[in-house]
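What follows is a short report on a single structure.
The values are calculated or read from the model by the stated rules, or taken from the named source; none is laboratory data. Being a predicted model, the structure only gives us computed values, none of them experimental. We place every Cβ from the backbone using ideal geometry, glycine too, and count neighbours over all the protein chains shown. Surface areas here come from the heavy atoms of the whole protein model, side chains and all, with no ligands, DNA or RNA. Shrake-Rupley method; radii C 1.70, N 1.55, O 1.52, S 1.80 Å.
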Amino acid sequence: MKFNLFDNGINSLISGIEFYDKYLNSNDLFNQSGYGDLKLAVICIHNSVEILMKYLLSKQNELLIYNDLASRDLLEVIKLNNENNYKAPLHYMVNSRDISVQTITYNEAINRLKVFIEIRENDVMSLKLINTLRNKITHFGIYREIDFYEVIGVVNNTVEFITNTLYPIFSEDKCEFYNIQNVFNKVMEIVDFGRYQEHEYWSAFYSFEFEYLGDIVKNFINDTEIKNYLDQRELCITTEDGIGYNDFITLAVFGNEDYEDFFMKLESINYPGLNITLIKDDNDMIIACIDHYYNLTNEDNKKILESNKPFNITEEELIFDSSKKQKKFNDKKYDYKSVKSILLRTIDEAYSRSRNLS
């Protein structure tokens, strides 16, 4: 059976997704059989994204996927292709002859494709991470339980790059052996479950950290000083929390009787890929950041980062602008006193603004 670049890339994606689906539904996630399926999923999906990127480069110009354009073997094939006016892609002829012609590296494929299509920086990071992970789990393996969660996150990011960025470009192209729409319907279904499992494993790994934050919030709403503050302003407060995939805490503060028009919300938002929780107001402004990995590994010196001033930031900025982030936060000891101060300050500022507007 002859596979062209496109069919080959889709075949690897199908294989990777099948192994990934098997892993996600396994009862042996962190042991031998689970590791084997996850390892094969990474290898196949890595292979798929590499081939599909080269396929898109070849659509721009067939020579873009080759490493050494001065290779005599390659030049002779190009000459023969031109003389005979072959209609088949150049790589068909390269593969059919007993010659040594190398295509570009994985990282070079990323660099070249970035010239022709827009690739977000966090996607570039994910593509490079799956390359690193592929080498790591192939040659060394996985040793920590948290490694499984990190691998799942990178697999999800890579598959979403294929579905969100590459698929719209080649969705109308002819694939000889597969129904592309059916393939990608299945892919998106499985990656949705992958995101669910990613959050589940992450929340379970940091369960003590979430319990710690939950206890602080419960103490806050039962604090006599806070109750007196709210009563004096005719305000009420409620809380809602979720577990596992929907692990979050929401505080809603609202007016009663003569002050029914006041409402504000504070909500924790989880970012498993960064191991952080952001506390935001209802304008999506960040008021604090909790680094769970740091706190887990520094039990005697837990910290919470308080915003100097509430601000908005994209996920890409969270990943790449660490120096910018540091200027926007102040380190505080992560305990009830600090969190109480942060929450009360935010509520009081919102209340004061509403009074000035009324």
Seminar exercise, completed: In the stretch 339-358, anything within 30 Å of TYR294 (Cβ to Cβ) and touching a helix residue (DSSP H, G or I) at 6+ places or on another chain (Cβ under 9 Å) is listed as VAL339, LYS340, LEU343, LEU344, ILE347, ASP348
Problem set entry | Filtered residues of the stretch 201-219 (kept if under 23 Å from LEU266 (Cα atoms) and either crowded, with 18+ Cβ neighbours inside 10 Å or among the hydroxyl-bearing types (Ser, Thr, Tyr) (or both)) | TRP202, SER203, TYR206, SER207, GLU209, PHE210, TYR212, LEU213, ILE216, VAL217
Exercise. Taking only pairs six or more apart or across chains, which ones have beta-carbon atoms under 6 Å, a first residue in the stretch 57-71 that is small (Gly, Ala, Ser) and at pLDDT below 85, and a second residue that is open to solvent by less than 80 Å² (accessible area, probe 1.4 Å) and outside any helix (DSSP H, G or I)?
Worked result: SER71/VAL101
For this session: Return the total of residues in the stretch 33-72 being touching a Pro at 6+ places or on another chain (Cβ under 9 Å) and outside any helix (DSSP H, G or I).
Result: 0
Problem set entry | Filtered residues of the stretch 255-274 (kept if open to solvent by less than 20 Å² (accessible area, probe 1.4 Å) and either under 21 Å from the mean Cα position of the chain (by Cα) or β-branched (Val, Ile, Thr) (or both)) | SER268, PRO272
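Yes or no, residue by residue, for (1) under 17 Å from SER338 (Cβ atoms); (2) β-branched (Val, Ile, Thr); (3) modelled with pLDDT of 85 or more; (4) in contact with a Phe, Trp or Tyr (Cβ under 8 Å, 6 or more places away or on another chain):
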| residue | (1), (2), (3), (4) |
| --- | --- |
| PHE205 | no, no, no, yes |
| ASP215 | yes, no, yes, no |
| ASP223 | yes, no, yes, no |
| LYS227 | no, no, yes, no |
| GLN232 | no, no, yes, no |
| TYR294 | yes, no, yes, no |
| THR314 | no, yes, no, no |
Problem set entry | Sole exception among (1) crowded, with 16+ Cβ neighbours inside 10 Å; (2) at pLDDT 85 or above for LYS186, by number | (1)
Exercise. What pairs come up if the first residue lies in the stretch 189-201 and is under 14 Å from VAL159 (Cα atoms), the second is modelled with pLDDT under 85 and surrounded by 15 or more Cβ atoms within 10 Å (Cβ to Cβ), and their beta carbons are under 7 Å apart, counting only those six or more places apart or on different chains?
Worked result: GLU198/TYR149; GLU198/PRO272
For this session: Within the stretch 148-189, track down each residue that is charged (D, E, K, R) and either in a helix (DSSP H, G or I) or within 20 Å of the chain's Cα centre (by Cα) (or both).
Result: GLU150, GLU160, LYS186, GLU189
Exercise. Taking the stretch 91-119 on its own, how many of its residues are at pLDDT below 90, surrounded by fewer than 17 Cβ atoms within 10 Å (Cβ to Cβ) and hydroxyl-bearing (Ser, Thr, Tyr)?
Worked result: 3
Exercise. Which is surrounded by fewer than 17 Cβ atoms within 10 Å (Cβ to Cβ) and modelled with pLDDT under 90, of ASN301, ASN330?
Worked result: ASN330
Exercise. Out of (1) open to solvent by less than 40 Å² (accessible area, probe 1.4 Å); (2) at pLDDT 90 or above, what's the single condition that is false for ASP37?
Worked result: (2)
Exercise. Can you tell me which residue in the stretch 120-132 is modelled with the lowest pLDDT, limited to those that are open to solvent by 20 Å² or more (accessible area, probe 1.4 Å), among the charged types (D, E, K, R) and assigned to a helix (DSSP H, G or I)?
Worked result: GLU121
Exercise. Is it true that SER171 is open to solvent by 30 Å² or more (accessible area, probe 1.4 Å) and within 30 Å of TYR336 (Cα to Cα)?
Worked result: no
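For every residue, the table says whether it meets (1) touching an Asp or Glu at 6+ places or on another chain (Cβ under 7 Å); (2) farther than 15 Å from ILE45 by Cβ.
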{"position": "GLU108", "(1), (2)": "no, yes"}
{"position": "LEU129", "(1), (2)": "no, no"}
{"position": "ARG134", "(1), (2)": "no, no"}
{"position": "VAL159", "(1), (2)": "no, no"}
{"position": "PRO168", "(1), (2)": "no, yes"}
{"position": "ASN182", "(1), (2)": "no, yes"}
{"position": "ILE190", "(1), (2)": "yes, no"}
{"position": "HIS199", "(1), (2)": "no, yes"}
For this session: Within the stretch 151-187, work out how many residues are under 14 Å from ILE17 (Cβ atoms) and of a type outside the set (Phe, Trp, Tyr).
Result: 14
